[in-house]
Protein chains: 2
Amino acid sequence: MTRTNDSDANSNHSIESMTDTNDDSERDPLFARIPRRDFMKAGVATGAMGSLAGCTDLLSGNDSTSLEDVKSDVKPGELDDYYAFLGAGQSGEIRVYGIPSMRQLMRIPVFQTDSASGYGYDNRTQEMLEDAGGYTWGDAHHPRVSQTDNDYDGRWAFVNDKANGRMARIDLKYFETDAIVDVPNQQGTHGACCLLPDTKYVFGVGELRVPMPNDGRDLDDPDAYTSVLAAIDPETMNVEWEVSVDGNMDNADSGKDGRWFFATGYNSEEGVNESEMTKSDTDWVKAFDIPAIEEAVEAGNYTEVGGVPVVDGTRNSSLNEGDRPIVRYVDVSKSPHGISVTPDGAYAIASGKLDPTATVIDIEALAEANNPNDAIVGRPRLGMGPLHTAYDGRGHAYTTLFIDSQVVKWDIEAAVEAKAESTDPVIEKIDVHYNPGHLIAAESYTANPQGDWLISLNKLSKDRFLPVGPMHPENDQLIYIGDDEEGMTLVKDTPSYAEPHDASIVSAEKLDPAKVYDPEDYDEEFVSNDTNEIIREDGRVHVKTHAIRNRFGYETVTVTEGDEVTFTVTNIEEVADILHSLAIPEYDVNIKLAPQETREVTFTADEPGVYWMYCAFFCSALHMEMRSRLVVEPAE
Amino acid sequence: MTRTNDSDANSNHSIESMTDTNDDSERDPLFARIPRRDFMKAGVATGAMGSLAGCTDLLSGNDSTSLEDVKSDVKPGELDDYYAFLGAGQSGEIRVYGIPSMRQLMRIPVFQTDSASGYGYDNRTQEMLEDAGGYTWGDAHHPRVSQTDNDYDGRWAFVNDKANGRMARIDLKYFETDAIVDVPNQQGTHGACCLLPDTKYVFGVGELRVPMPNDGRDLDDPDAYTSVLAAIDPETMNVEWEVSVDGNMDNADSGKDGRWFFATGYNSEEGVNESEMTKSDTDWVKAFDIPAIEEAVEAGNYTEVGGVPVVDGTRNSSLNEGDRPIVRYVDVSKSPHGISVTPDGAYAIASGKLDPTATVIDIEALAEANNPNDAIVGRPRLGMGPLHTAYDGRGHAYTTLFIDSQVVKWDIEAAVEAKAESTDPVIEKIDVHYNPGHLIAAESYTANPQGDWLISLNKLSKDRFLPVGPMHPENDQLIYIGDDEEGMTLVKDTPSYAEPHDASIVSAEKLDPAKVYDPEDYDEEFVSNDTNEIIREDGRVHVKTHAIRNRFGYETVTVTEGDEVTFTVTNIEEVADILHSLAIPEYDVNIKLAPQETREVTFTADEPGVYWMYCAFFCSALHMEMRSRLVVEPAE
């Protein structure tokens, strides 16, 4: 399902309206377009830059609110207002924070095994990881939560693996990874973004250019290397099609109306070392025209590689000529890094990284301009090392400055007003500690950011925490952005384990996780009940049993050395938060069993002896006594 | 080195002084012995029980301090006062919190692999895990920090693996696991405690009774099963000797003067199912007389099993008869759980678990009594499900009540005064949320607890946090215990990933971790400098190189399909907090490189193609460009 601008109430601006903003009745309530002179009436900012640009909140739909009037301290027993999902980099996992407490509510293992949750220990998750390449780690960067009508729908989160070219899906009913796809023709999947408004695709954005297929051909011919954008069906996790491009890509974001998808990329030079990669003064934002690509696929204009239709989206492709090129290459300052689309869908804003500016691209203009560069409508000069940009829904953008160790707040329309490179749009800067990568504001990736909280994901913490050896924690800082008069306020430092890259913040009421497993989610014969069964056949022993406070179904299970043993175990508790596990000493087994959950594990009983199987979750006063014997008799 | 009571200034009490406490001049400054009538003068407690027992702080060396007068909120940029080391159960790791912020400062992987820190990915840690049994997980329960003269010395932390019978050592210079020993003859190492005052041994306490050796013999003869206490040298991590006992063991603690070591145990019945294990009304505390055991080992009174001298410490052993039995079996109420020694070394206090009392054992009396049960001097009735006890250094004990979901504060000397089972010693109870296991107070395991902060490690969180699926977080609650007038105050709820069991809290100034690796800690030839070297020999390729912002030593490394490739890489940065890694896509490699750190990884280049090796730590503005090609040429 693809929506057009016409049907999208949040995209009712036009190029013309950009210069005709005196009529209040035409303002988009989500993203007030206010002429420069009105900024002055709305109050003067108190930011570090002493800029003349001011607050737009008094004229927009969302009022700003002082920090005293909001909950910033979450007392014992109180609940947080938001979930934050953080892609925790080379740890391979997603972390879930509560906002504003910044407490880590949960870890969700994705690309690594995890004994606490039994992830990679039971047969199903073990097979899922094996089928996805058998890697023991991944580099989880960009968690994005599925949306319907440009708002979070609570179904899934997705996250990329930059190390091994994969995309994973997390089921938000159970907060568990339920699918991983190894993306063909892609090494280093960087971005992981849903096509909005309705998550028609999840895009894997290819960073590292490699031969295609990467099977030993073209090793010394970097010109023949390619990176691709991969469109993945979120229901089936099937890779539907790919588009090959010039240069590489890194970060990405979707327009709000289903037509455009944007990716930055460094290395338009297609070099293979740093000096070659940074030679040119410009690189590109690639704007993918999704309906045009779908038409090309439909028309058979592709090559199949690795089982996937690959459409040629390089500049020289015939598909990139004429009235409706499938990929538009917009020149931006060199090595741009982050890109994000404003909540109203009007602009895509790319950060300069090695250049102190951001580039504001007008998305409607892009569709109409003969030269894509004509769609560039603003060039705010923000500071050193601009990387990523988030939004508050009141017309402000917040951009991390990696080198300056700051977050800069600036006015989007003021940047468009200024057109040329200018520091005028800058409202305020706040120091962060230190060297921020991504930042994220509450619901910034939707059409309706909440405008209260922002997290700056800082790469270095240096001296902000007690020393813990040469590997420092990172520092995720919580900043209140809800008060345009007072400006940004740093509220909390949060040490974090390596290495949160990006995050999504979702209002608590938009998720409805299950507290107990639903037996309907299993095949009926898979679930054990409180009767036990041991099936022995040809050197295989299948034990179907259950766990409940304070026992497993069998006191003793006797097998013979060399048997292939399968345990299928159901936790038959019906009360939330009463977990069991089946841990088997010296057999490297630990499967987690939440209430009504069934898991299965298979292993070879290759060492004779007595092994006390136990429950690793402290489940009752008789928890220690909850153990059964696995007796492995020596083979004759 | 073993110290005797005579040389220990903290143990200058005697059985006689217990009943002669009117003379203030005889009071131990660390543990004031105050007669019952003085409690009344010191103020009446305001606890939930309305007990008449009161505060002893006004008469002891440590004054109590109101919560307003201490730092309880750690603001951005402020440092914590304490480190807490938590044994994080079936996750296999140690977690480091800052106290009082309750922020997680670091994870230290111990029994599992961890891609963020490269633990289990470089050759040395991979071999260490392989040599320790090759398991991919462990169940890390009881972290204890090494002491000298009954105070933390900042050298090591130790933690047990309950799943696989192992003990690990964490080097607190680098906050890294540097040794793991697979303890022979032990399945389910439960306790992990240093022999005090000077960490002469680390004790692995055997929980699960199994045949010895567990090689297929005695499978159906539970009477022949055995559990052992294992004494491990903390420097060499060699298992020096073991003692076999009747029944099993679980928690343990050391006396303060090098003579006694105490372990609780359930299942004196030596049953193999729950009803057999809980039949008897009593179980034992086992008190190990360490010098007596050392004498037995010295005299050759042992059997060697699995390469370790095993001394017979069962009740029927000749070594347990006569004047100086090596193990004393003290009868306590059934299935006791925690045991801990008071800061002055006077008492070992065992919690009843299935019985509402704790048992107070007088340690000096134990040495002198003919019947070990004569050393029992108190039996406070605390509440339902008493599990573990911590101390504030002002004469109070704090015990978790698993079933009541409370922490009870009680007066140790009042319990001794009452002698018989009594609720009189109870001062106050506070609700915790919910079902606490261990609790720990600041420096409770030393001779001088700080008396300000206590953490209750609660097993269930139920509704205390936003829902995150069927696997709930646990809840580590911070309680202020520094004000005896106001009583205990709950300060923070902290969600935690499964499953912190026990913890040690250490004052910040007692640790001095390194921020940069010391090249002196390596063999000189192991460390690469900024010259590169590739050694090719017989299908092996050894690349010695380095990492620095923003490059590895080689832009391209070309090998042939089938080569065994070794990378030895040094991070030659000298600045703290600038980490690199060597990540190799699709080869499942990621080795972490902190400043001046060298790591080595070996793999077989079995898939031809181009692989962009990159740095997974965001290290500079040109971090994305920090990548080199591994070119694997097809074999002929």
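Note down the relative contact order for segment A:491-636 as a percent, whole number, built from C-alpha pairs under 8 angstrom at least six residues apart.
Contact order relative to length: 24 percent.
I'd like the FRET efficiency for residue A:316 and residue A:421, computed as 1/(1 + (r/R0)^6) with the beta carbon distance as r and R0 of 45 Å, rounded to 0.05.
Working: r = 31 Å, r/R0 = 0.68.
Efficiency, rounded to the nearest 0.05: 0.90.
Please compute the modelled spin-label separation between residue A:536 and residue A:298, points set 7 Å along Cα→Cβ, answer in nm with one decimal.
My value for the distance between the label points is 6.3 nm.
Aspartates and glutamates near residue B:510 by alpha-carbon distance under 16 Å, same-chain residues fewer than 8 away left out - which ones?
B:80, B:81, B:149, B:151, B:153, B:171, B:198, B:443
Go through segment B:251-268 residue by residue and turn each phi into a ³J(HN,Hα) via Karplus (6.51, -1.76, 1.60, θ = phi - 60°); whole Hz please, and just put x for glycine and proline.
Coupling constants for segment B:251-268: 8, 7, 7, 9, x, 9, 10, x, 8, 10, 10, 10, 9, 7, x, 8, 6, 5 Hz.
By what distance, in whole Å, do the Cα atoms of segment A:115-262 stretch along each of the three principal axes, largest value first?
Dimensions of segment A:115-262 along the principal axes of its Cα atoms: 46, 40, 21 Å.
Calculate the mean, over all residues of peptide A:99-107, of how many other protein chain Cβ atoms lie within 10 angstrom of the residue's Cβ.
Working: counts 1, 0, 6, 1, 11, 7, 10, 12, 6.
Across A:99-107, the average partner-chain Cβ count within 10 Å equals 6.
What lysines sit close enough to residue B:200 to cross-link, taking a C-alpha to C-alpha distance under 19 Å and skipping anything fewer than 8 places away on the same chain?
Once the sequence-local lysines are set aside, what remains near residue B:200 is B:256.
Given R₀ = 51 Å, FRET efficiency for residue A:431-residue A:575 by Cβ-Cβ distance, to 0.05?
Details: r = 48 Å, r/R0 = 0.94.
With a Förster radius of 51 Å, E is 0.60.
Residue by residue, what Karplus-based ³J(HN,Hα) values in Hz, rounded to whole numbers, does segment B:410-423 have, using 6.51, -1.76 and 1.60 with θ = phi - 60° and x for Gly and Pro?
Coupling constants for segment B:410-423: 9, 9, 5, 5, 5, 5, 5, 4, 6, 6, 6, 4, 7, 8 Hz.
Can you work out the PRE-style zone for residue B:71? Point 7 Å along Cα to Cβ, and I want the residues of segment B:474-490 with backbone N under 20 Å.
Of the residues in segment B:474-490, B:478-483 have backbone N under 20 Å from the label point off residue B:71.
Let a ≥ b ≥ c be the square roots of the eigenvalues of the Cα gyration tensor of segment A:278-405; is it rounded (a/c under 1.5), or, if not, prolate (a/b larger than b/c) or oblate? Could the numbers behind the result be given before it?
Values: a/c = 2.12, a/b = 1.81, b/c = 1.17.
Taking the square roots of the gyration eigenvalues as a ≥ b ≥ c, segment A:278-405 is prolate.
For the protein assembly as shown, evaluate the Debye formula with one uniform point scatterer on each Cα (no solvent term) and list log10 I(q)/I(0) at q = 0.04, 0.09 Å⁻¹, rounded to two decimals.
The Cα Debye sum returns log10 ratios of -0.24, -1.12.
Quick check: pseudo-label points 7 Å beyond the Cα along Cα→Cβ at residue B:549 and residue B:489, how many nm apart are they?
Here the modelled spin labels are 4.3 nm apart.
Beta carbons within 10 angstrom, averaged per residue: use that to sort the peptides B:374-386, A:318-330, B:421-433, highest first. Write out the running numbers ahead of the final one.
Numbers: B:374-386: 23.2, A:318-330: 17.9, B:421-433: 21.2.
Peptide ranking by packing, descending: B:374-386, B:421-433, A:318-330.
How large, in Å, is chain A by the Kirkwood hydrodynamic radius built from its alpha-carbon pairs? Don't skip to the answer; put the middle values down first.
On the way: mean 1/r = 0.0384 Å⁻¹.
In chain A this quantity evaluates to 26.1 Å.
Return the distance in nm (one decimal) between the two label points of a simple spin-label model at residue B:153 and residue B:130, each offset 7 Å from Cα along Cα→Cβ.
3.4 nm
Every other copy gets compared here: list the nm distances from the residue B:522 label point (7 Å along Cα to Cβ) to its counterparts, shortest first, one decimal.
5.0
Read-outs throughout are calculated quantities, based only on the coordinates presented, and are distinct from any laboratory measurement. Please read all numbers here as calculations on a predicted model, not as lab measurements. As a convention, Cβ positions derive from the backbone with ideal geometry for all residues, glycine included, and neighbour counts pool all protein chains shown.
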